[in-house]
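The block underneath contains the structure these notes are about, expressed in structure tokens.
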Ligand SMILES: Nc1ncnc2c1ncn2[C@@H]1O[C@H](COP(=O)(O)OP(=O)(O)OP(=O)(O)O)[C@@H](O)[C@H]1O
Ligand SMILES: [Mg+2]
């Protein structure tokens, strides 16, 4: 057993395809092209990649990017173990050596000097330099890099450099068409298709409030939470209030507008 084997996904994750994303990812993976998953929060990016890793039988190593993340957090560092300094591979190096898919979540959160580590890995070189260790790691033939990013939160300071962006094949994730989203909500939460459809209807109204104070509308994830609360016995209105409206906004007027939408859709 190698170090990445513990990152294998043994059972098929539930993923409902919404377009040609499976075919695009498979084609990209065939040539080990890096992939960028773009889309709002809670729309299925992570679930999709779990599914693809299972389907392609590759281990999936995930790194959640954040602004304090250093290159060492990704590639590894020397640590003091009794008597000596020993090198410990970081998650990226682990994936590069072991032929895993490495998923860097919310890449724009990382600092530019951290992001550039992936450059030699994501062009024809497929190399990862470990400067501190004086080692150049050639990527395992099965290694592939996927990143995610939410274009909605992007600001001028937190955007990908052209030299990073242009290395990736991109797949756009939006919220699925209503019948498909209702199917996902029913399947993941356990509520019946009829109630799932009304939750989706409400979500669409909330998404129309985007830009009028709401940063994002209700995500598929939130609808699933609401469905689970309903299954646990809450009324549809109480469930939507707790799982969607209150987390979504602190603004009294927006809460009222959302409550009106709940009344219209969920009764
Ligand atoms: N197409 C889909 N098939 C199956 N489940 C889905 C699908 N889309 C969304 N989901 C459900 O929605 C939940 C949220 O999706 P996921 O965690 O993949 O979102 P995300 O896009 O990675 O969000 P974030 O950007 O916040 O990380 C999943 O746990 C899953 O239950
Ligand atoms: Mg995610």
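FYI, it's all coordinate maths here, none of it is from the lab. Values in this document were obtained by computation on a predicted structure and should not be read as measured data. Reconstructed Cβ throughout: ideal geometry from the backbone, glycine too, with neighbour counts over all protein chains shown.
For a quick check of your reading of the model, give me the residue pairs whose first member lies in segment 37-58 and is under 21 Å from residue 97 (Cβ atoms), whose second is near ligand 2 (Cβ under 9 Å from one of its atoms) and part of a helix (DSSP H, G or I), with beta-carbon atoms closer than 6 Å and at least 6 apart or on different chains. Filtered contacts from segment 37-58: no entries. Looking at 79, 37, 33, 49, just one residue is in contact with a helix residue (DSSP H, G or I) (Cβ under 9 Å, 6 or more places away or on another chain) and in a strand (DSSP E or B), and that residue is 37. Residues of segment 52-70 that are away from ligand 1 (no atom under 12 Å from the Cβ) and in a helix (DSSP H, G or I): 53, 54, 55. Check segment 37-51 and report whether any residue there is touching a strand residue (DSSP E or B) at 6+ places or on another chain (Cβ under 8 Å) and away from ligand 2 (no atom under 16 Å from the Cβ). No. Within segment 6-21, being more than 17 Å from the chain's Cα centre (by Cα) and either farther than 23 Å from residue 185 by Cα or surrounded by 15 or more Cβ atoms within 10 Å (Cβ to Cβ) (or both) holds for 6, 8, 10. Listed by position, the helices (runs of 4 or more DSSP H) contained in segment 173-246 that have at least 2 residues being within 16 Å of ligand 2 (Cβ to nearest atom) are 178-189, 220-231.
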